[in-house]
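This report concerns only the one structure given below.
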Amino acid sequence: MSNPPVPAPWLADEPDYRSESPLSSDLAFAEPSAIRRPPRLWLHILLFVLTVLTTPALGVLHYLSFASELGTRDVGLSWSVLMEGLLYSATILGILGAHEMGHYVACRLYSVDATLPFFIPFPSIAGTLGAVIRIRQAFPTRRALFDIGIAGPIAGFVALVPALFIGLSLSTIVPTPPQMAGWTLGEPLLFQGATRLVFGTIRDGYSLNIHPMVFASWFGMLATAWNLLPFGQMDGGHISYASLGEVSTRISVATVAGAIVMSAISVSWVVMTLVMLAMLYFLGPRHPRVLYEYEPIGAGRQVLALVALAMLVLCFTPVPMQRIDFIPR
């Protein structure tokens, strides 16, 4: 059991304490006197089971695309293909689960009431929209806010990096087919660096044929980057507010303005931008204050804030997905 936080007079105008975005993020609205409630294990189990069904199904489709070598050969279903679908499922659920458990463990360390992760099944693209936890108490201090906010991205990043290299070791370089249509993935700096380490420079006329584990890692990078955007009450917003205080409000407004511009460049940004605008409308631009507002976070956490910025840069891609339909000359 966690002790209820001590009410503070400056919280009178702050009814909402926590809210985040999709793609492996945290959602919560809590009262200062929140009492730990029993977990709804049936809902956690149901959503997890559904996600365990949707992710292998998409994993099978990703593996069939991989085994077809960019559509140049026919591949049928088999037990080995189904096992590859399960490997993809384990990879993506492991990355997203690590992210959320990072938040959850940090909450427990600070005696902040939080639920277990809710996985979100989605029968398209990745097989899931990520996972969320619900934090049901106000954050006690800026240090607690910082540590809980950064713990998820660090845990997810630590999980996705080895998965990326293992997936690349299973990937192949194939001749680019004379005709190709579909979707290309944006290449974050981490993806580019890992590809160069494993394969060197890819010659003209050849393409990287990614194993489904690489796609799972790429989705983890996308989730990490979007959650680390310094906006509102996403992970990056928590880190920004804990580190910079009220300056984070102007950073949040600038971030959502940038997302609107990016939506004009790539349709991939539309959903994320709509989520930000909804959060801005319903929750306002200010981050809710913690119970003990003026505690300094210390130099060590300021350095970790720079680490979070580095993870954002490494995982960010301006155009996550792009439709292609061309015939090479």
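No value in this document is a laboratory result; all are computed from the given coordinates. In this text the structure is predicted, and so the values were computed from the model without any measurement. Backbone-built Cβ (ideal geometry, glycine too); neighbour counts: all protein chains shown.
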**Message:** Please list log₁₀ I(q)/I(0) at q = 0.18, 0.20, 0.24 Å⁻¹ for segment 92-144, using the Debye equation with identical point scatterers on the alpha-carbon positions.
**Reply:** -0.60, -0.69, -0.87
**Asked** What is the spin-label model distance, in nm, from F282 to T176 if the labels are put 7 Å beyond Cα along the C-beta direction?
**Response** 4.4 nm
**Prompt:** Helix 299-315 versus the longest principal axis of the chain: what is the Cα-based angle in degrees, 0 to 90, to the nearest 10?
**Reply:** 30 degrees
**Fill in**
Relative to the chain, whose Cα atoms define the longest principal axis, helix 142-170 and its Cα axis are tilted in degrees, nearest 10, by 10 degrees
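Helix-derived [θ] at 222 nm for the chain: sum -39500 (n - 2.57) over DSSP H runs of at least 4, divide by residue count, nearest 500?
For the chain, the value works out to -18000 deg cm²/dmol.
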**Exposed GluC sites (Glu not before Pro) absent: longest stretch of the chain, with sites in DSSP loops and at most 16 other Cβ within 10 Å deemed exposed** = 70-245
**Asked** Any idea how far apart F165 and R323 come out in nm if each label point goes 7 Å out from Cα toward Cβ?
**Response** 3.8 nm
**Complete:** Rounded to the nearest 0.05, FRET efficiency between V303 and D74 (Cβ-Cβ, R0 51 Å) equals 0.45
**Message:** With viscosity set to 1.306 mPa s at 10 °C, what whole-number translational diffusion coefficient in µm²/s follows for the chain from Stokes-Einstein and a Kirkwood radius over Cα pairs?
**Reply:** 77 µm²/s
**Assigned charges on the beta-carbon of Lys, Arg, Asp, Glu; the chain dipole about Cα centre (debye)** = 140 debye
**FRET E, pair L46, V253, Förster distance 56 Å, beta-carbon r, rounded to 0.05** = 0.90
**Request:** For helix 189-199, report the angle its Cα long axis makes with the longest principal axis of the Cα atoms of the chain; keep it between 0 and 90° and round to the nearest 10°.
**Result:** 40 degrees
**Message:** Run the simple label-point estimate for L189 and E295 please: 7 Å along Cα→C-beta, distance reported in nm.
**Reply:** 3.2 nm
